[in-house]
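This report refers to the structure that appears directly beneath it.
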Amino acid sequence: GAVVSQHPSWVICKSGTSVKIECRSLDFQATTMFWYRQFPKQSLMLMATSNEGSKATYEQGVEKDKFLINHASLTLSTLTVTSAHPEDSSFYICSARAGGMRGEKLFFGSGTQLSVL
Amino acid sequence: RKEVEQDPGPFNVPEGATVAFNCTYSNSASQSFFWYRQDCRKEPKLLMSVYSSGNEDGRFTAQLNRASQYISLLIRDSKLSDSATYLCVVNPSGSARQLTFGSGTQLTVLP
């Protein structure tokens, strides 16, 4: 079964609204989670690294005030797209690194398709 | 130059065909390499790791040429269910943060 749960799968919203996406590790603790964005026919681009209990690390060109990340527990990270605009429409995917018996594998959430009207 | 480059395709092949995808990477210090499969609007799923000695998993064979900074994936006896986008993924440093994804090669297997 899925070890990383991401919700919602689809979001359609009006321009100017904020959208929150949740990423949960279901059967392991993830001190680090990653958020990616993927535009059609393009590669996954890392947006930020979410660290439990501390501030996220954002990649160059990603606005931290627009893409708010909260990693308040070892199993949950959230990405909030604030004041979304049509150009923010994209596929957002989270991933979490699992160690121990899972051997430092990277597990992906199922993704969230965001459409901003 | 992109860090990881792939032929975007699309590749349209008949069932049973053999198809090969290529990928080049720019960072000669890259340490680990993977092929992921991604279905439309789904998360990427690890297909196989790629080792210097080459490795095979059923109908799938992956090869790595460090000197040429080149990775390949061969699919034999293509099935309809193989239709997907195949992502070449390179990890330069061993840190999960550093995973660099190619833009993918789209494969459609036709009946």
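Every read-out reported here was derived from the displayed coordinates using simple, explicitly stated rules and does not represent laboratory data. Computed from a predicted model, the values in this text were never measured in an experiment. Counting neighbours? That spans all protein chains shown, and the Cβs are built from the backbone with ideal geometry, glycine included.
One residue stands out in region A:20-41 among those that are surrounded by fewer than 19 Cβ atoms within 10 Å (Cβ to Cβ) and in contact with a Phe, Trp or Tyr (Cβ under 9 Å, 6 or more places away or on another chain): the one that is nearest to residue A:66 (Cα to Cα), namely A:39. Any idea which residue in region A:1-37 is nearest to residue A:95 (Cα to Cα), counting only those that are of a type in the set (Gly, Ala, Ser) and assigned to a loop (DSSP other than H, G, I, E, B)? Among them, the one singled out is A:30. Taking the conditions exactly as written (more than 11 Å from chain A (Cβ to nearest Cβ), of a type in the set (Val, Ile, Thr) and more than 28 Å from residue A:37 (Cβ to Cβ)), does residue B:50 satisfy them or not? Against the criterion (more than 11 Å from chain A (Cβ to nearest Cβ), of a type in the set (Val, Ile, Thr) and more than 28 Å from residue A:37 (Cβ to Cβ)), residue B:50 does not qualify. None of A:19, A:3, A:11 is of a type in the set (A, V, I, L, M), closer than 25 Å to residue B:39 by Cα and away from chain B (no Cβ under 14 Å) except A:19. Selection of region B:68-98 for residues being touching a residue at least 12 places away in the same chain (Cβ under 8 Å), within 14 Å of chain A (Cβ to nearest Cβ) and surrounded by fewer than 21 Cβ atoms within 10 Å (Cβ to Cβ) yields B:91, B:92, B:93, B:94.
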